[in-house]
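The values are calculated or read from the model by the stated rules, or taken from the named source; none is laboratory data. Remember, predicted model here, so these are calculated numbers, not experimental data. Every residue, glycine as well, gets a Cβ built from its backbone with ideal geometry; the counts of neighbours run over all protein chains shown.
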Amino acid sequence: MARRTPQLKSLRPIVLDANILLRAVFGVQVRHLLESHENNAAFYTPDVCLEDALRYIPDIARRRGFDATLGLAVLDQVMRIVEAADGSLYGEFEGLARARISSRDPEDWPVVAAVLMLAAPIWTEDQDFFGSGVATWTSNRVEIYLRDS
């Protein structure tokens, strides 16, 4: 009798914008959602979003009276769940991504490119992605997508 290989459930991907990474650092809800669904969803962010988060954490922490070192440590924990996608992977989608986002915020093209590469939606609070032809989820609704993963 042939031995059967178990079918592993594939994880549904979702791409996080930089503002979601920052919400994971400075809030509770996003971090809770990431931790609750890390076994049934695959979380990605473009490397530039991680760089943005690293750049903004010290300033946001200072304005909120929060320890920046602790904020960076929280981001490090978050990045154990979220995989940073290297630009060399999503770069081939730059032209198409720029065409979709150019009228809104052309600097957001890496997020759209990662979404196109992964055939995934975006988790964001940034209105600039709406109307770009890719699915978007906001924090108050993303659990529907994550729960159905």
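All told, Phe43 falls short of being modelled with pLDDT under 95, outside any helix (DSSP H, G or I) and surrounded by 15 or more Cβ atoms within 10 Å (Cβ to Cβ).
Does Thr69 satisfy the criteria of being touching a residue at least 12 places away in the same chain (Cβ under 8 Å) and of a type in the set (Ser, Thr, Tyr)? Answer is no for this residue. Quick check on Ser139: is it in a loop (DSSP other than H, G, I, E, B) and either within 17 Å of Asp52 (Cα to Cα) or in contact (Cβ under 8 Å) with a residue 40 or more places away in the chain (or both)? Spelling it out, Ser139 is indeed in a loop (DSSP other than H, G, I, E, B) and either within 17 Å of Asp52 (Cα to Cα) or in contact (Cβ under 8 Å) with a residue 40 or more places away in the chain (or both). Of the residues that make up segment 57-76, is at least one closer than 30 Å to Leu116 by Cα, surrounded by 15 or more Cβ atoms within 10 Å (Cβ to Cβ), under 14 Å from the mean Cα position of the chain (by Cα) and of a type outside the set (Gly, Ala, Ser)? Within segment 57-76, one or more residues are closer than 30 Å to Leu116 by Cα, surrounded by 15 or more Cβ atoms within 10 Å (Cβ to Cβ), under 14 Å from the mean Cα position of the chain (by Cα) and of a type outside the set (Gly, Ala, Ser). Could you please find all residues in segment 27-40 being surrounded by fewer than 18 Cβ atoms within 10 Å (Cβ to Cβ) and under 24 Å from Leu70 (Cβ atoms)? Listed by number, the residues that qualify are Gly27, Val28, Gln29, Arg31, His32, Glu35, Ser36, Glu38.
To keep it simple, each residue is scored yes or no on (1) more than 15 Å from Ile14 (Cα to Cα); (2) touching a helix residue (DSSP H, G or I) at 6+ places or on another chain (Cβ under 7 Å); (3) part of a helix (DSSP H, G or I).
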position: Asn39; (1), (2), (3): no, no, no
position: Ala53; (1), (2), (3): yes, yes, yes
position: Ala97; (1), (2), (3): yes, yes, yes
position: Glu107; (1), (2), (3): yes, no, yes
position: Val112; (1), (2), (3): no, yes, yes
position: Glu125; (1), (2), (3): no, yes, no
position: Gly131; (1), (2), (3): yes, no, no
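Find the residue count for segment 16-37, including only residues that are touching a residue at least 12 places away in the same chain (Cβ under 8 Å) and part of a loop (DSSP other than H, G, I, E, B). Count: 1. None of Ala84, Ala119 is at positive phi and either surrounded by 14 or more Cβ atoms within 10 Å (Cβ to Cβ) or touching a residue at least 60 places away in the same chain (Cβ under 8 Å) (or both) except Ala119. Here Ala99, Ala68 are screened, and the one residue that is of a type in the set (A, V, I, L, M, F, W, C) and touching a Lys or Arg at 6+ places or on another chain (Cβ under 8 Å) is Ala68.
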